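> The structure that follows is given in the form of structure tokens.
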Amino acid sequence: MTRHLLERLLWMAVALLGVSVITFVIGDLLPGDPARVIAGPQASQAVVRSIRHQLGLDQAVYVQYWRFLGRAVRGDFGLSFRTQLEVLPTIWARFPYTVAVGVGGLLAEILVGVSLGIISAVRRGTVLDGIVICTALLGLSIPSFWLGLILLYVFGYLWPIVPLGGTSGWTWIILPSITLGFSGSAFYTRMTRTAMLETLSEDYVRTARAKGLPGRTIVLKHAFRNAIRTVVTMAGMDVGAFLGGVLVIEQVFGIPGIGALAWQAILNEDLPMIQGTVLFAASLIIVSNFAIDLMYGWIDPRIRTAS
Amino acid sequence: MQQPARHASLVALMFVLLASLLAVAPAARAGVRAGIHDGGTAILDFSSDPVSMDPAIAADGYSLTILHVLFVTLLTNKPGTTTVVPWGATEMPTITNGGKRYVVHIHAGIKFSDGEPADAHAFKYSFERILIPATKSPYTGSLAGVVGASDFVAGKAKSVAGIKVLDPLTIQFDLVQPDNNFLYDITYAALSAVPQKAVEAAGAKFATHPTGDGQFILQNWTSGVGMTLVKNLHYFDAATAGHLDKLLLHTNVPTNLAVLQVEKGMADISAGDVNGGDGIPLSLFLTIKNDPRWKSYLYHSTLPETWFFVMAMRDKPLQNVKVRQAIAYAINRQKIVQILNGRGVLASQIMPPSLPGYDPSIPQQEYNPAKARKLLTEAGFPHGFQTSITMFTTPPGPQEATSIQYDLAQVGIQAVLRIVSLAQYSTLAATPGGSPTQINDWLAIEPALFMNWTYNSNEIQAGNNMAEFAVPQVDALLNKAQQLPLAQAVPLWQRAQRLAISQYGYVPLYYGVEYDFVNPRIGGFQIDPNFLYEYQQWYLK
Amino acid sequence: MAHPATSALLIQDGDNGVDYERPLRSQAGWSGAWRRYRAHTLPLVGLVLTLLVLGVAVFAPLLAPDNPITQFPNGLSAEGGPRPPGGQFLLGTDSLGRDLLSRLIWGARTSMEIAILANLMSAVIAVTLGACAGYMGRRVDMLLMRLTDLLMAIPAMLLAAFLAAVFQPSIGIIVIVVGFVNWFYLARIVRAEVMALRQREFVDAARAIGLPTWRILARHILPQLWGSVIVYSTLNVATTVLFVAALSYVGIGVQPPTADWGNIIAEGNTYLSVAPWLVIFPGIALGISVLGFNLLGDGLRDALDPRQKV
């Protein structure tokens, strides 16, 4: 078990190193001269040269990478080309918003998905089941930015019960979470439904039923416990796609998370900020996959013995 | 003009007296000035974060509007006009030595919020700070013409020889050669004074926690969320002091939401990112304009801003002046203005109508696709050719580019669109041969900028003269005009422009018309040609 | 990029996601699959919708009333606003005075082209790498798993945006970028299936009579994979269409003037209160196609793998 853990940790480090190489290589391919952008259009060549030297841009790529790595392991991602401010503190300042939207979205996704899944499994073949399946399909078919704008227009403008974008109060979190969660919830609905139906047809559940245990107890005690395993796996695999989704959602609702930060950085060709946000997001995904892995073993001991 | 104005102010004074008599005690306590109540908070929606609150670093229009009320410059433009007037200076500079020496007297008693005086030393410190390469300021170019600047940049001199502190309240600038743009240069927010002690103590943090001397003080700035500016109670000049107690700036509000927030009274203005009229998105403009409810919310003004189509003159087919002329005939400029929902005025030339040097006798370019085709045939391209148009992503840029692309296709020219980010756009522009054609704009109050950045060959290197326009005769006129007082420069600019326009390196498209959506409870609102907004003039009605 | 949960839908049993008991497929299996497929309404609806969308894409030049890039002088109001539906423009016009219906019809073609090509590309990469890793095991396998780990750690949207800043977004580049950020999950599914198949008797038998590896892979293993690959790719076409739309929304999708559902919907998006037709019709078109492919994929999964049907 410890060996397995150490191995995982080692691979986490290797993966991060790989991500840093990828971002560095793509960054090197970006057209344009950051020194010229910083110096402004009226600057003389001497000034541009001097800035290029200060930034180390006159060095070979591998030297630049080596320096970057040396600083990065100490938590120093350099200064933003655009604002001349430190990259990492800026990312940390924006991080809570992304976490709020991500966690909110995940909760919405799982809550909506799992409860719809349970309903449709228990009431299989009824009209209710049909409605649930249709809702799930709708969620799959609507672009999130489209849904987000319509929700904003209806609940922020026509019947104003939540803020019109931004992050004031706490109610701002509601619409982004729903928007983010709605599209993902369809998968959870289907997964939960399948898992539930499988469990419901297992012998021990049938026995429980035959013993005359009330329906709700059976659903919650047996079937749901088994469905959870699938949900946790999916939640783990979700983190990456989720962060991508957050990027779009942050644009729609005007949320100042790291998605918006990364996007602005790409638009501004602010290389240190791009590298910082991509590496930050990657670490986030790698760490949470690791956490899910541990949790998975804890929920389902069979896995632990298997590995 | 003098008499009626004085008369009007007398009437106003009487009205104020009457009003304050009627308005009982509280109004009297709130400091009444010419019918304006001080106090209150205005809420502003911006669509992104400003870059920096360090005047030496920020070069985006958005940061500049805020810096304009945080730091005092020697000169500035009179709000709402393009006229340069003294601000931190007591009067306009005395210019001697054939236009090469500028002496400026500074107001006594300008103080930073930490108590340090904003005097001649502070200005000299600030200017030299810009020139030090370690500052990485984008403004080194605006001081390049000062005697000794290049030695200082190269580390060969401890201070800039051409910036002298004559006494604590007098500063003198010596230029290598006369330059009528220097007056405009010292209106830049970058060229304000900064407090040496605070700058050195704060280091990089100065950009987020600046210590200023303007009408407002930056109380806090949460990256991505917003800023709070509060009134500076120790501001030096009662005549230009601010009225509001507080400005709440929300950053990162998408403009379509910002407009709805203003409609709901949740914000006072949708400011976009202060990028020429982008506060009201194209998608909402007509409904707002045609809805009587919002009539009192809309302000508009034609800016000193020219949009134009650029053709790289050394590109293969575009080398031929007939090809460039054909393109000028092929572009349906009226359609562009229509797509903009009328937020533009057809341009006859690069110099905008509000600046000296504008030449009303230059006619509008005709739209005539048949003539364009004929010219292309004469030039040896009867079936057109392939090219590309570069434009940045900020709306309505892509729409304009798509419109022109379609027009060119009608005369047989197949153009690929390259819609890129603003950062990529400027690097492409700075690369000679980076793009055969593009759309660009100038927005400034300096007439020399419009002429030189467009037509002077010494601006090719910097990426401003993107057509690589290089006509020796035009260069000579422009270089000569630069060294003359403004009034004498105007006829030379006009001659240069007449010569240049027939070369068709640039096709003027339209002058930008700025529309703003502002809650009518804000008084004193005015669209400024330089900063767009002059927050110190705002008050609550 | 593909919602990773899509792959979870395929991983039903066992830790490596493989159903060891599944019977081998044959001709009879395919016809049985079709019998199972048509037995339900929803999959049939999906098939009809998908065929409809593909039909529109293929016959766009015949179906569209106008050229999708023509900017009609009468397509804009005097003030320059888009025209509402009716008259010459059945679904109204966009902000440049172009016929929305024609743009939607041609947009179907662009969107389908991108979605299908990108999925073909990722399927080819995924099957090649997944099969190699699964069959050869050990080092090769570990290398592939770590590589997918690494690539999955970068949010696909961010990676695509970053790549788009480097390469000018053209349709070809979008296909490559989307295809590239898309193969990891399928590769893992294929790997798991191949690993299981490798242990089966018929593969052992093939090995025993000395068949070369490539032949075993091509003859005996690959035919067993089509089911999962087709199901995953079909479901993923839907996700891809949405992903490309999101790319357009953040400004790095298909470039103007080419009509694509993504850029039509992204551009029309903010017109909600002004010109709702620019929001609603593209939304419906996109919704129908995504729905169609989802239902088709679902139906295929149930039909090709009867044990999962509950």
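> What FRET efficiency comes out for the pair B:K371/C:R38, r = Cβ-Cβ distance, R0 = 51 Å, nearest 0.05?
Step by step, r from the Cβ atoms, then E = 0.20.
> Follow-up. Percent relative contact order of chain A, based on C-alpha pairs within less than 8 angstrom and at least six residues apart?
RCO, chain A: 25 percent.
> Check the straight Cα-Cα distances from B:K264 and name the aspartates and glutamates below 15 Å, setting aside those fewer than 8 residues away within the same chain.
B:D45, B:D291
> Using a simple spin-label model with points 7 Å from Cα along the Cα→Cβ vector, what separation in nm is obtained for B:D167 and A:Q54?
3.6
> Further question on the same structure: Can you tell me the FRET efficiency between C:R146 and C:I280 if r is taken as the Cβ-Cβ distance and R0 is 35 Å, rounded to the nearest 0.05?
That pair, C:R146 with C:I280, gives E of 0.15.
> Going by accessible area, probe 1.4 Å, with all protein chains left in place, what is the ranking of A:W172, C:W106, largest first?
Greatest to least solvent exposure: C:W106, A:W172.
> At 0.36 nm per residue, minus the direct Cα-Cα distance, what do A:V63 and A:L29 gain on full extension? Give it in nm, one decimal, please.
Once the chain is fully extended between A:V63 and A:L29, it gains 10.7 nm.
> I would also like to ask the following. Obtain the nm distance between the two label points defined at B:R495 and B:K480 by a simple spin-label model: each point lies 7 Å from its Cα along the Cα-to-C-beta direction.
A separation of 0.4 nm, rounded to one decimal place.
> Please work out how much length the chain gains when fully extended from B:A204 to B:L298, using 0.36 nm per residue of separation minus the C-alpha to C-alpha distance, in nm with one decimal.
29.9 nm
> OK, next. Where in chain C are the DSSP H helices whose C-alpha atoms run 24 Å or more along the long axis and whose mean Kyte hydropathy is at least -1.0?
Counting only whole DSSP H runs, the qualifying helices are C:41-58, C:100-136, C:222-249, C:277-304.
> Which aspartates and glutamates, on any chain, are close to B:K158 with Cα under 19 Å apart, when same-chain ones fewer than 8 places away are left out?
The qualifying aspartates and glutamates are B:E128, B:D174, B:E200.
> If I fit a long axis through the Cα atoms of helix A:127-141 and take the longest principal axis of the Cα atoms of chain A, what angle between them do I get, 0 to 90°, rounded to 10?
That works out to roughly 10 degrees.
> Moving on to the next point. Does chain A come out rounded, prolate or oblate by the C-alpha gyration tensor, with a ≥ b ≥ c the root eigenvalues, rounded set by a/c under 1.5 and, if not, prolate when a/b is larger than b/c and oblate if not?
oblate
> If you don't mind, there's one more thing I want to ask. What is the local net charge at B:Q483, summed over the other residues whose Cβ is closer than 10 Å to its Cβ (Lys, Arg +1; Asp, Glu -1)?
+1
> Once you mark the GluC sites (Glu not before Pro) that are in a DSSP loop and have at most 16 other Cβ atoms within 10 Å, what is the longest gap between them in chain B?
Segment B:92-365 is the longest.
> Which whole DSSP H helices in chain B pass both tests: a Cα extent of 27 Å or more along the axis and a mean Kyte-Doolittle value no lower than 0.0?
B:2-22
> Among the aspartates and glutamates, which fall within straight-line cross-link reach of B:K322, defined as a Cα-Cα distance under 12 Å, with same-chain neighbours fewer than 8 residues apart omitted?
B:E378
> Something else: At what distance in nm do the modelled label points of A:T2 and B:D237 sit from each other, each positioned 7 Å from its Cα along Cα→Cβ?
In this crude label model, A:T2 to B:D237 measures out at 7.4 nm.
> Find, among the trypsin sites (Lys or Arg not before Pro) in segment B:152-254, those assigned to loop by DSSP (not H, G, I, E, B) with at most 14 other beta-carbon atoms within 10 angstrom.
B:K156, B:K158
> Do any of B:K164/B:K197; B:K78/B:K335; B:K136/B:K541; B:K136/B:K164 go past 31 Å between their Cα atoms, and which?
Listed pairs above 31 Å: B:K78/B:K335; B:K136/B:K541.
> Once the Cβ-Cβ distance between B:N97 and A:A46 is put in as r, and R0 is 35 Å, what FRET efficiency do you end up with, to the nearest 0.05?
It comes to 0.85.
> Here's another thing I want to ask about it. For the protein assembly as shown, what is the calculated [θ] at 222 nm in deg cm²/dmol (nearest 500), taking -39500 (n - 2.57) for each run of four or more DSSP H residues and dividing by its residue count?
Calculated mean residue ellipticity at 222 nm is -16500 deg cm²/dmol.
The values are calculated or read from the model by the stated rules, or taken from the named source; none is laboratory data. As the structure is a prediction and not an experimental result, all values here were calculated from the model. Ideal geometry is used to build each Cβ from the backbone, glycine not excepted, and the neighbour counts take in all protein chains shown. Ligands, DNA and RNA are excluded from the accessible area calculation, which covers all protein heavy atoms including side chains. Shrake-Rupley method; radii C 1.70, N 1.55, O 1.52, S 1.80 Å.
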